[in-house]
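Colleague: Below is one structure. I have some questions about it.
The values are calculated or read from the model by the stated rules, or taken from the named source; none is laboratory data. These figures come from a predicted structure and were not determined experimentally. Neighbour counts are summed over all protein chains in view; Cβ atoms, including those assigned to glycine, are modelled from backbone coordinates with ideal geometry.
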Amino acid sequence: MYEGEARTDETRTARTRETIMSTAKLILEGKEYELPVIEGTEQERAIDCTKLRDTTGYITYDPSYANTGSCRSQLTYIDGEKGILRYRGYPIEDLAGKVRYTTAAYLLIHGELPTREQAIEWRRQLTQNSLIHESMINFFDQFPVTAHPMNILASMVSAMSSFYPYDAEDEEHVYRNVVRLIGQVKTIAAFAYRKSRGEPVIYPRMGYSYPANFLRMMFASPAEDYRVPKVLEEALRVLLIVHLDHEQNCSTSTVRMVGSSLANIYAAVSSGVNALWGRLHGGANQAVIEMLQRIQTDGGDYKKYVAMAKDKNSGFRLMGFGHRVYKNFDPRATILKKACDDVLGTLGINDPLLDIARHLEDTALHDDFFVERKLYPNVDFYSGILYRAIGIPTDMFTVMFAMGRMPGWIAHWLEMRNDPETRIHRPRQIYVGPTVRTSAGRRAVD
Ligand code: ACO
């Protein structure tokens with residue numbers, strides 16, 4: 001049973017657990033205002049500014065939103081100082097160590113871990129809904145060979161709304177589209193790859209795990225049997241789980257922003273795919289490998305690149321380093337670094353890029369520039385090396401991230417949709433352009 005409606009009550013119940021701590025005093029032009037201070041379940045505190053403009057005429061100024069809480073959420077908790085990441089209260093280390101990717105996705109979407117029966121039914125639904133509309137398969141042929149797979153993914157996800165229209169008021173319709181999106185994203189990703197290589201597509205099959213189905217669609221040949229290597233299936237499971245959700249990051253906030261206008265789920269999520277593409281966000285996993293290759297081609301002189309990253313005039317940053325929230329370590333990077341060692345060890349792969357990455361990390365972690373700014377390897381620093389070991393081409397890395405993130409975006413979209421506090425997102429601005437000007441007609445040159 002889909003819990004969309006019921007969630008509204010749960011949300012309200014959880015809110016009653018939040019304490020209004022106290023009030024913050026604000027003095028403006030000699031006048032005193034009291035603003036409520038709210039506290040979340042992990043003692044994160046916020047000054048509630050929702051009535052600020054109405055009562056004072058002022059707005060807050062926070063470009064790039066580093067100090068702004070845009071919503072209340074029950075999905076994911078991050079403590080950037082302590083390197084904590086939890087989905088619905090469960091530590092990422094626990095989930096990445098134990099559960100199937102689809103189980104973790106169920107947890108995010110439904111709020112609880114599934115029973116055995118629920119998990120089986122959920123997997124059945126996801127595989128049954130993973131075939132893409134036959135008419136859409138032709139679309140892949142229309143993209144130029146140079147098209148980036150992220151562009152293909154975003155376009156195909158957006159196009160799904162033409163093939164699967166739905167009634168936004170009907171919970172059953174919404175649920176079916178949630179399942180379609182999670183089921184089909186891996187098929188779209190694999191087909192984009194096969195088509196770009198001029199190879200026949202391989203359809204998804206019942207009886208395979210989510211990661212195994214994807215690997216089969218990527219690498220099997222219709223002419224022979226293909227056994228999904230266990231070690232690769234396991235590596236992909238871990239990767240997809242660490243990508244699942246990361247609270248109000250750039251792409252997730254984009255999904256919520258677009259969704260707040262009541263645009264359909266496909267429109268909202270495809271916007272998230274586009275936001276993820278950028279090199280400062282999910283696109284960093286491709287950028288990391290390109291950077292490591294550049295260092296390799298340049299004779300392996302990683303110290304030169306550390307120096308360049310410190311030089312503000314170079315315009316160069318160490319890709320895969322730094323994070324807006326993590327200021328100690330990124331727990332996802334720790335998980336993936338270990339997975340890299342395990343997988344490359346098991347497969348007997350000696351990837352010279354991994355050596356360069358280790359040297360880079362070690363040098364940067366002992367360099368004052370990075371230490372003072374609290375810059376540590378993030379999730380993207382090691383994910384690319386793992387994807388290479390699996391055999392995923394570099395331009396598909398960010399697509400892999402998007403595939404893992406899909407249930408997270410959807411869970412946020414659902415939460416936003418069911419939150420009685422949601423209004424259309426509409427930040428304000430401080431206008432700094434010219435004040436009123438007159439006589440435009442007289443000055444015009446045409
Ligand atoms: N290399 C060198 N210097 C850096 C780096 C880096 N990777 N990241 C930040 N800095 C420096 C900045 O120059 C700045 O220095 P300053 O205070 O002397 O001016 C300081 O550290 C703070 O940087 P900001 O850009 O203000 O930090 P912000 O929180 O806005 O950016 C971001 C975070 C985008 C992740 C940044 O660290 C970055 O560009 N990293 C490289 C790209 C990357 O790996 N992105 C993936 C992030 S994880 C994800 O989205 C999935």
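Colleague: Yes or no: Pro149 within 21 Å of the chain's Cα centre (by Cα) and of a type outside the set (A, V, I, L, M)?
Modeller: Working: within 21 Å of the chain's Cα centre (by Cα): yes; of a type outside the set (A, V, I, L, M): yes.
Yes: the conditions hold for Pro149.
Colleague: A further question follows. Does Ile109 satisfy the condition of being modelled with pLDDT of 95 or more, at negative phi, surrounded by 14 or more Cβ atoms within 10 Å (Cβ to Cβ) and assigned to a helix (DSSP H, G or I)? Write out each step before concluding.
Modeller: On the way: modelled with pLDDT of 95 or more: yes; at negative phi: yes; surrounded by 14 or more Cβ atoms within 10 Å (Cβ to Cβ): yes; assigned to a helix (DSSP H, G or I): yes.
The answer is yes for Ile109.
Colleague: Follow-up question, since we're still on this one. State whether one or more residues within region 359-379 are within 16 Å of the ligand (Cβ to nearest atom), more than 24 Å from Glu81 (Cα to Cα) and β-branched (Val, Ile, Thr).
Modeller: Checked region 359-379: no residue is within 16 Å of the ligand (Cβ to nearest atom), more than 24 Å from Glu81 (Cα to Cα) and β-branched (Val, Ile, Thr).
Colleague: Restricting to region 329-359, what's the tally of residues that are crowded, with 17+ Cβ neighbours inside 10 Å and out of contact with any Phe, Trp or Tyr (no Cβ under 8 Å at 6 or more places or on another chain)? Even if it seems obvious, please write down each step before you answer.
Modeller: Of all residues in region 329-359, those crowded, with 17+ Cβ neighbours inside 10 Å come to 329-337, 339-340, 343-344, 353-354, 356-357.
Next cut, out of contact with any Phe, Trp or Tyr (no Cβ under 8 Å at 6 or more places or on another chain) only: 331-332, 334-335, 343-344, 353-354.
Of the residues in region 329-359, 8 are crowded, with 17+ Cβ neighbours inside 10 Å and out of contact with any Phe, Trp or Tyr (no Cβ under 8 Å at 6 or more places or on another chain).
Colleague: Can we say Ile241 is β-branched (Val, Ile, Thr), touching a residue at least 24 places away in the same chain (Cβ under 8 Å), touching a strand residue (DSSP E or B) at 6+ places or on another chain (Cβ under 9 Å) and under 24 Å from Pro211 (Cβ atoms)? Reasoning before the result, please.
Modeller: Details: β-branched (Val, Ile, Thr): yes; touching a residue at least 24 places away in the same chain (Cβ under 8 Å): yes; touching a strand residue (DSSP E or B) at 6+ places or on another chain (Cβ under 9 Å): yes; under 24 Å from Pro211 (Cβ atoms): yes.
Yes.
Colleague: Mind checking which residues of region 130-147 are in contact with a helix residue (DSSP H, G or I) (Cβ under 6 Å, 6 or more places away or on another chain) and farther than 14 Å from Gly198 by Cα? Steps first, please.
Modeller: Filtering region 130-147 down to residues in contact with a helix residue (DSSP H, G or I) (Cβ under 6 Å, 6 or more places away or on another chain) leaves 130, 132-133, 140, 143.
Matches in region 130-147: Ser130, Ile132, His133.
Colleague: Related question: Inspect region 69-83 for any residue being within 16 Å of the ligand (Cβ to nearest atom), exposed (fewer than 14 other Cβ atoms within 10 Å of the Cβ) and touching a residue at least 24 places away in the same chain (Cβ under 8 Å) and give the result as yes or no.
Modeller: Scanning region 69-83, I find at least one residue that is within 16 Å of the ligand (Cβ to nearest atom), exposed (fewer than 14 other Cβ atoms within 10 Å of the Cβ) and touching a residue at least 24 places away in the same chain (Cβ under 8 Å), so the answer is yes.
Colleague: Also, quick follow-up: Could you please find all residues in region 134-152 being closer than 24 Å to Gly278 by Cβ and either touching a Gly at 6+ places or on another chain (Cβ under 7 Å) or of a type in the set (Val, Ile, Thr) (or both)?
Modeller: Listed by number, the residues that qualify are Val145, Thr146, Ile152.
Colleague: Restricting attention to region 239-262, which residues are within 11 Å of the ligand (Cβ to nearest atom) and either under 13 Å from Cys71 (Cα atoms) or of a type in the set (Ser, Thr, Tyr) (or both)? Give the derivation first.
Modeller: First, the residues of region 239-262 that are within 11 Å of the ligand (Cβ to nearest atom): 242-243, 246, 249-252.
Of everything in region 239-262, those that are within 11 Å of the ligand (Cβ to nearest atom) and either under 13 Å from Cys71 (Cα atoms) or of a type in the set (Ser, Thr, Tyr) (or both) turn out to be Asn249, Ser251, Thr252.
Residues are listed down the side, and each one gets a yes or a no for (1) touching a Cys at 6+ places or on another chain (Cβ under 6 Å); (2) at pLDDT 95 or above; (3) more than 14 Å from the ligand (Cβ to nearest atom); (4) over 30 Å from Glu44 (Cα atoms):
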residue: Thr297; (1), (2), (3), (4): no, yes, yes, yes
residue: Lys312; (1), (2), (3), (4): no, no, no, yes
residue: Gly315; (1), (2), (3), (4): no, no, no, yes
residue: Lys327; (1), (2), (3), (4): no, no, no, no
residue: Lys337; (1), (2), (3), (4): no, no, yes, no
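Colleague: Now a separate question. Name the residues in region 366-400 that are within 19 Å of Asn274 (Cβ to Cβ) and buried (at least 20 other Cβ atoms within 10 Å of the Cβ), would you?
Modeller: Of everything in region 366-400, those that are within 19 Å of Asn274 (Cβ to Cβ) and buried (at least 20 other Cβ atoms within 10 Å of the Cβ) turn out to be Asp380, Met396, Phe397, Thr398, Val399, Met400.
Colleague: Let me ask something else about it. Output the number of residues of region 29-47 satisfying the condition of being at positive phi and either at pLDDT 95 or above or in contact with a strand residue (DSSP E or B) (Cβ under 6 Å, 6 or more places away or on another chain) (or both). Walk me through how you get there before you give the answer.
Modeller: So in region 29-47, the residues at positive phi come out as 29-30, 43.
Next, from what is left, pick out any that are either at pLDDT 95 or above or in contact with a strand residue (DSSP E or B) (Cβ under 6 Å, 6 or more places away or on another chain) (or both): 29-30.
The qualifying residues number 2.
Colleague: Count, please, the residues in region 281-308 that happen to be in contact (Cβ under 8 Å) with a residue 24 or more places away in the chain and either closer than 27 Å to Ala154 by Cα or not aromatic (Phe, Trp, Tyr) (or both).
Modeller: So in region 281-308, the residues in contact (Cβ under 8 Å) with a residue 24 or more places away in the chain come out as 281-293, 295-296, 300, 302-303, 305-306.
Filter once more, so that each one left must be either closer than 27 Å to Ala154 by Cα or not aromatic (Phe, Trp, Tyr) (or both): 281-293, 295-296, 300, 303, 306.
Qualifying residue count, region 281-308: 18.
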